[in-house]
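Report on the following structure.
Quick note: the coordinates plus some simple rules give every number you see, no bench work behind them. Predicted model only: the values in this text are computed from it and were never measured. So basically every Cβ, Gly included, is an ideal-geometry build from the backbone, and we count neighbours across all protein chains shown.
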Amino acid sequence: MDAFVIEGGRPMNGRVVVNGSKNAALPLMAAALMTEEPVTLTDIPRLADIANMRRLLEELGCECAEPEHADDDAPMALTMRTTDDSGSHARYEIVKTMRAGICVLGPLLARRGEGRVSLPGGCAIGQRPVDLHLRGLAALGAEITLTAGDIVAQAPVGPDGARRLRGATVFLGGPNGSTVLGTANVMSAACLAEGRTVIECAACEPEVVDLAKLLNAMGARIEGAGTPRVTIDGVRTLHGATHRVMPDRIEAGTYMVAAAITGGSVTIENCPLDAMMAVTDRLREIGVRLDTRTGEDPMRAVCRASAEGPIAPAHVTTQPHPGFPTDLQAQFMALLSLAEGNSVVTEKIFPERFLHVAELTRMGAHIFRQGPTAVISGVRRLVGAPVMASDLRASACLVLAALAAEGTTNIHRVYHLDRGYQRMETRLRALGASIERVDANELDAAALT
Ligand code: EPU
């Protein structure tokens, strides 16, 4: 297993180009199951979750090909073509490594009339139910059962003998707002259903908008994506299309925090500013300077993030989009650990998503957590320590804290980080970080001698 060794205290300076978004790319890839024509996506990040989704699509009869001589350091272009519709089982062996495997369920049901997807198991960031996905698909007429740990869903048989979903009004509100992948699933499924579907309380996340753009380019008729009411008029078939994946707003935000926490200045290109209002607003409020240059497309803007003075404390509450994203909560907590005063962070999407708190505390942060809220009393300095990454965003939080800390931080289990950040150490090194990827066994052995 790999670990990072980070020597802190160096400002991050330079330029970074944001990759395509992992969370947008996964449901976009699943949409390729809905047509027999080729779907090409560009700017897909090279990440473990993407490789797993590719493997899953291939098992489901969808051939995935990269152009010859593809550059392994650059984001990938992938052409996906479904050539075999006969199987519809997303097995536990793949879904257990990647919860987003659930987003093949809607496309399979829509196109093949049935889908069998292993029910995702536990998750480090707390409970991750899929009841809203299932309720939404059931409203479109699917009959859903649980067999041997798998969700088995079948569309009703129509007058022509073929299985086809039926349009309906679907409410996707849950205890913590809507559901992003649930909206993706129901919206995709409705594209090939008979008649009109209206999704009420749909997730408004930009990744849902990106999926609607691809599906519409494939011939779907979706209106209202990005608002709480999405209307889909079903069509008989979809065709191929080419689409560039939207930039990753969480990666962009992580590099903004990297500049701020180290007192540096980082120019972030391909930055989806339009999708980041809550984040940029909060960064400005705490004293981070953001100089932005927006061309024709504010989703691909340039933003220079810099911080010279002290960081002010803040109140941050994670919310569904356009509120502050849960996927940047941990990274912000690292920054607020060094603020001048007391901050309050409340996690409203995944109330248990606080595994980074204990690790930040090992580095000298003063954090008191009660339930979904953490109070952070800013300290003057963080100090390097051996720490353990527990999930993707908690890993990013520890990397950021380590960049600012005095001395050396060893971060174990960085495979979590590799699920969401392409070659983060190479990119940070280019910005001036002292960061090495090492074999954790060697690190442990060295510590014992
Ligand atoms: N929820 C339910 N029932 C459901 C589905 C969700 O109660 O059927 C609840 C969840 O427990 C949570 C809330 O609804 O409290 C929102 O969950 P959502 O379904 O929106 O999460 P998701 O679609 O499974 C995606 C991202 C997550 C991100 C969340 C929230 C992908 C692959 N994952 O998950 O990303 O945190 O939306 O924005 O798109 C990450 O990248 O680190 C990550 C975890």
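Listed values, structure above:
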item: P(r) of the range 355-449 over all Cα-Cα pairs, binned every 10 Å from zero, in whole percent; result: 15, 46, 31, 7, 0
item: Spatial separation of Cα centroids for the range 255-323 and the range 218-248, in angstrom; result: 29 Å
item: Glu406 long-range amide H proximity, modeled H, under 5 Å; result: Leu382, Val383, Gly384
item: Dipole of the chain, positive direction: furthest Cα of Gly263, Gly20, Ser377, with charges on the beta-carbon; result: Ser377
item: Residues of the range 56-93 with amide N under 19 Å of a point placed 7 Å along Cα→Cβ from Val157; result: none
item: Three-way shape label, the chain, alpha-carbon gyration tensor, a/c 1.5; result: prolate
item: Cα gyration tensor category, rounded, prolate or oblate, for the range 323-395 with a/c compared to 1.5; result: oblate
item: Paramagnetic reach from Ala445 (point 7 Å along Cα→Cβ, amide N under 14 Å) across the range 1-22; result: 1
item: Structure-based [θ]222 nm, the chain - -39500 (n - 2.57) summed over DSSP H runs of at least 4, per residue, nearest 500; result: -8500 deg cm²/dmol
item: Distant-in-sequence amide H partners of Leu338 (H built 1.01 Å from N, under 5 Å); result: Val379
item: Cα-centre dipole for the range 112-226 with unit charges at Cβ (Lys and Arg positive, Asp and Glu negative), debye to 20; result: 180 debye
item: Charge dipole (the range 144-268, unit charges on Cβ, about Cα centre) - positive-most of Val157, Ala168, Pro247; result: Val157
item: Cα centroid of the range 54-83 to Cα centroid of the range 185-199, whole Å; result: 27 Å
item: Rounded FRET efficiency, nearest 0.05, which uses the C-beta distance separating Glu58 from Arg289 and R0 of 45 Å; result: 0.45
item: Label-point separation in nm, Thr237 to Ala65, each point 7 Å along Cα→Cβ; result: 2.1 nm
item: For the chain, size of Cβ-based charge dipole, Lys and Arg +1, Asp and Glu -1, in debye; result: 860 debye
item: Placed amide H near Ala193: partners under 5 Å, 5+ positions off or other chain; result: Val235
item: Mean Cα-pair separation over length for the chain, i.e. relative contact order, pairs under 8 Å, 6 or more apart, %; result: 20 percent
item: Residues Arg429 and Asp297, FRET efficiency given R0 of 30 Å [Cβ-Cβ distance, rounded to 0.05]; result: 0.50
item: For the range 112-180 versus the range 377-424, the gap between their alpha-carbon centres in whole angstrom; result: 37 Å
item: Distance in nm between pseudo-label sites at Phe171 and Thr317 (7 Å out along the Cβ direction from Cα); result: 2.3 nm
item: Sites Arg15 and Arg437 - FRET efficiency at Förster radius 22 Å, r taken between beta-carbons, to 0.05; result: 0.50
item: Shape category assigned to the range 22-244 from the gyration tensor of Cα positions, a/c cut at 1.5; result: rounded
item: The range 22-244: relative contact order as a whole-number percent, Cα under 8 Å and 6+ apart; result: 20 percent
item: Rounded to the nearest 20 debye, dipole of the range 22-244 from Cβ charges on Lys, Arg, Asp, Glu; result: 680 debye
